[in-house]
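Heads up, the thing below is written out as structure tokens.
Values quoted throughout were computed directly from the atomic coordinates according to the rules given, and no laboratory measurement underlies them. It should be emphasised that the depicted structure is a prediction, and the values quoted were computed from it without experimental measurement. Backbone-built Cβ (ideal geometry, glycine too); neighbour counts: all protein chains shown.
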Amino acid sequence: MEFKGMSWTPKQLEEVLKFDTDHLLSKWGFQDGEMLNEYFPGEDEEQYQFSRWVLCEVVEYYVCSQIENEIKPYRVATSHNPIRVYEVEGVHVSDLAEPPNLQPLEVSLRLVEIFETARYLSELPNSGVDMSYLRRSPRCEKLFKERGWE
């Protein structure tokens, strides 16, 4: 598979990344928002924004959709973790005495799912215009409406 001048072998595409769901509760989660940077290398701001956009999309679409708890995820403009949960089981996380126990504890994804998400995002109309990881793709917008996350 090839994407933006990078290529991966079939064996690499089957490698698995684990996403700890409790990272949704921390501003330092998902390696301070840089969990996918090594897969989308680059020094410019556009590449940085793209890597964060992929992270937000992957976490919303694949991770949040598998969480059994009633949650409300959101994206935040920050230099830290850009994808978090602000409500669990109808209670704002800042009002909880202890951090909630999100289930499952982790979600495993093959790299191919991450790269397919990157390709999907790069093919959206105007994907390079005003690049922002705060902008949801149509499939995540649909998921938000279906789950009542708005």
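Counting every other Cβ atom within 10 Å of each residue's Cβ, His80, His23, His92 order from fewest to most as His92, His80, His23. Normalising the Debye intensity of the stretch 88-150 to I(0), with uniform scatterers on Cα atoms only, and taking log10 at q = 0.23, 0.24, 0.25, 0.27 Å⁻¹ returns -1.09, -1.11, -1.12, -1.16. Per the Debye formula with a single identical scatterer at each Cα and no solvent contribution, what log10 I(q)/I(0) holds for the stretch 8-70 at q = 0.15, 0.17, 0.18, 0.26 Å⁻¹? One equal scatterer on each Cα of the stretch 8-70 leads to -0.53, -0.67, -0.74, -1.21.
For the chain, just run the numbers: alpha carbon Rg, then divide by 2.2 N^0.38 Å, N being how many residues it has.
Details: Rg = 15.2 Å, N = 150, 2.2 N^0.38 = 14.8 Å.
Ratio of Rg to 2.2 N^0.38 Å for the chain: 1.03.
Every Cα-Cα pair in the stretch 37-100 was counted, and those over 14 Å apart are 63% of them.
When Val107, Val54 are arranged by Cβ crowding within 10 Å, least crowded first, meaning fewest neighbours, the order is Val107, Val54. By other beta-carbon atoms within 10 Å, ranking Thr9, Thr117 with the fewest at the front produces Thr9, Thr117.
Taking R0 as 25 Å, what FRET efficiency do you get between Leu124 and Lys11 from their Cβ-Cβ distance, rounded to the nearest 0.05? According to the calculation, E is roughly 0.30. Taking 22 Å as the straight-line reach from the Cα of Lys72, the lysines in range (excluding those fewer than 8 positions away in the same chain) are Lys18, Lys27, Lys142, Lys145.
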